[in-house]
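Remarks on the structure that follows.
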Amino acid sequence: AVCQIVLIRTGIFIAEAINRALPLFSTEACSYAIPFAAGAMLVGVLINRNAALIFSIFSSCLAAFLFDGKITVMFYSFLGSVAAAYHTEYSKQRSSFLTVGLLLGLLNAAAVFSLCLVSPLCTIVSANTIIMLAMGLMGGVISGIIVAGITPLFEAFFDYSTDIKLLELANLNQPIFQKMIMEAPGTYHHSIIVAALVEAAAEAIGANPLLAR
């Protein structure tokens, strides 16, 4: 949560700096590029979807507080965070974060357009609106890039195994598996059969099949 606050505050500072350097880009438009959903994505990967949803509520309220209580910011942050949390649980490869980030960017752009429709001060066809849509798309992509980059750090520092790490451990080219094939082929075959049975049972009861395997 602290990292999320720092990330948002840094984003606000950058948005204000861009506005001062390039007045065409308003601070409000640039703020849509802030990766509000990065924290929820990371929690969804490291813990589970339910924890990410709780984090989404908390982080969205904090985001609104940092923007002087703007309800639109809370709506924008919460919608993106929930979508990110839903799509990142049980991610099987690191490239999926970028895919989720792109989908999140499209959702952000749709949310920005919806907010523009209900705002009396917003003109649908204008340069500022186009910039806002582009920034919303960029915010989703940035979230995916950040999570893809820092997830391995959390895995290393906290000795935590995500589903991606579990897939790497389950790679049959691991030295331990190669040694088992050579020295204990019966045990190796038995382990593969049991792993398949456990995985099927986990899927049937809604547990994490990869962790069970």
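The values are calculated or read from the model by the stated rules, or taken from the named source; none is laboratory data. Please read these numbers as outputs of a predicted model, since none were measured by experiment. Reconstructed Cβ throughout: ideal geometry from the backbone, glycine too, with neighbour counts over all protein chains shown. Please note that ligands, DNA and RNA were not included when accessible areas were found on the heavy atoms of the full protein model with its side chains. Shrake-Rupley method; radii C 1.70, N 1.55, O 1.52, S 1.80 Å.
For the stretch 11-36, which positions are modelled with pLDDT under 85, among the aliphatic types (A, V, I, L, M) and open to solvent by less than 70 Å² (accessible area, probe 1.4 Å)? Give the derivation first.
First, pick out the residues of the stretch 11-36 that are modelled with pLDDT under 85: 22-29.
Now drop any that are not among the aliphatic types (A, V, I, L, M), which leaves 22, 24, 29.
Residue satisfying the conditions is ALA29 alone.
Which members of the stretch 36-73 meet the condition of being free of Cβ contacts under 8 Å to residues at least 24 places away in the same chain and farther than 20 Å from GLU16 by Cβ? Walk me through how you get there before you give the answer.
Initial filter on the stretch 36-73 (free of Cβ contacts under 8 Å to residues at least 24 places away in the same chain): 47, 50-51, 54, 57, 61, 64-65, 68-71.
Within the stretch 36-73, ILE47, ASN50, ALA51, ILE54, ILE57, CYS61, ILE71 qualify.
Being at pLDDT 75 or above and of a type outside the set (Asp, Glu) is the requirement here; does LEU121 meet it? Walk me through it before giving the result.
Values: at pLDDT 75 or above: no; of a type outside the set (Asp, Glu): yes.
Spelling it out, it is not the case that LEU121 is at pLDDT 75 or above and of a type outside the set (Asp, Glu).
Can you name every residue in the stretch 182-213 that is in a helix (DSSP H, G or I), among the charged types (D, E, K, R) and under 32 Å from the mean Cα position of the chain (by Cα)? If you could, list the steps in order and put the result at the bottom.
Taking the stretch 182-213 as the starting set, the residues that turn out to be in a helix (DSSP H, G or I) are 182-183, 185-205, 209-212.
Within this subset, residues satisfying the condition of being among the charged types (D, E, K, R) are 183, 199, 203.
Listed by number, the residues that qualify are GLU199, GLU203.
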